[in-house]
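Okay, structure first, notes after.
The values are calculated or read from the model by the stated rules, or taken from the named source; none is laboratory data. Values in this document were obtained by computation on a predicted structure and should not be read as measured data. Every residue, glycine as well, gets a Cβ built from its backbone with ideal geometry; the counts of neighbours run over all protein chains shown.
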Amino acid sequence: MSEILNMQDIVKCYYLDSEEFVVLNHINLKINKGEFVSILGPSGSGKTTLMNIVGCLDVPTSGKYVLANNDTEDLDEKELARIRNKQIGFVFQSFQLLPRLNALENVELPMIYAGVSSQNRLEKATVILERMGLAEKMKNYPNQLSGGQQQRVAIARSVVTEPAILLADEPTGSLDQKTGQQIMELFEELNADGRTIIMITHDPSIAKHTKRIVSILDGRLSEGV
């Protein structure tokens, strides 16, 4: 399998006055195309900081990060934004759907930024929402959808541009247990289609749905729970 992500000796420090806080401590992580990986850790473990670097929302203090053959070192914010938009699909705990757009329009949105024609946007958004089981909900606004339906729309939006990696941050955190189970089954289906998924979670029962678990504690990684 080909490598999609390679982090080498990643360190992330924050400074308060003259004091240094090391949040990520010499992280080494490789992920291959098609893997389904969870990064498991409690609050304060460094997993959110790691997610931000994986998603090119932040940069490390030192170390090397290569994503989909793009060496992120020394890239400016515009170049990082380009990689973010083309290579990463984000799924958040809070869904982050735009309330004034219906489900179909929310899914079309990233394709507008990508310059996809209106006809192609409509076709792609329709197909992916049907795949998500939302054929009857395309014209509904977020406040007319359940939490599970909103998360399905958010997942549809994240994968419609065919990113290299789907990065999910506590995607079941706002859902009840049954709905969370359904969302995890959906991620498993997407992974079976060959999508690379990285999931950030604090919940071992959620992590067990993934094929590989990487634990983080005090800014250090280890394989397994």
| remark: Of the listed residues (Leu122, Leu167, Leu109, Leu104), the one being in contact (Cβ under 8 Å) with a residue 60 or more places away in the chain and either touching a helix residue (DSSP H, G or I) at 6+ places or on another chain (Cβ under 7 Å) or assigned to a helix (DSSP H, G or I) (or both) is Leu167
| task | Specify which of the listed residues (Glu185, Glu130, Glu136) is assigned to a loop (DSSP other than H, G, I, E, B) and either among the acidic types (Asp, Glu) or free of Cβ contacts under 8 Å to residues at least 12 places away in the same chain (or both). | result | Glu136
| query | Do you know which of the residues in the range 170-182 that are in contact with a helix residue (DSSP H, G or I) (Cβ under 8 Å, 6 or more places away or on another chain) and part of a helix (DSSP H, G or I) is farthest from Gly89 (Cα to Cα)? | reply | Thr179
| request: Take the residues in the range 143-179 that are over 28 Å from Gly115 (Cβ atoms) and among the charged types (D, E, K, R), then tell me which one is surrounded by the fewest Cβ atoms within 10 Å (Cβ to Cβ). | output: Lys178
| field | Residue that is touching a helix residue (DSSP H, G or I) at 6+ places or on another chain (Cβ under 9 Å), at positive phi and loosely packed, with under 14 Cβ neighbours inside 10 Å, where the choices are Gly133, Gly115 | value | Gly133
| message | Here's a check for you: in the range 145-164, which residue that is charged (D, E, K, R) and touching a residue at least 12 places away in the same chain (Cβ under 8 Å) is nearest to Ala125 (Cα to Cα)? | response | Arg157
| said: Condition check: outside any helix (DSSP H, G or I), under 24 Å from Val66 (Cβ atoms) and at pLDDT below 95. Does Thr161 satisfy that? | reply: yes
| request: Out of Glu20, Glu77, report the one residue that is touching a Phe, Trp or Tyr at 6+ places or on another chain (Cβ under 9 Å) and exposed (fewer than 13 other Cβ atoms within 10 Å of the Cβ). | output: Glu20
| task | Go through the range 191-204 and give me each residue that's on the phi < 0 side of the Ramachandran plot, within 16 Å of the chain's Cα centre (by Cα) and surrounded by fewer than 19 Cβ atoms within 10 Å (Cβ to Cβ). | result | His202
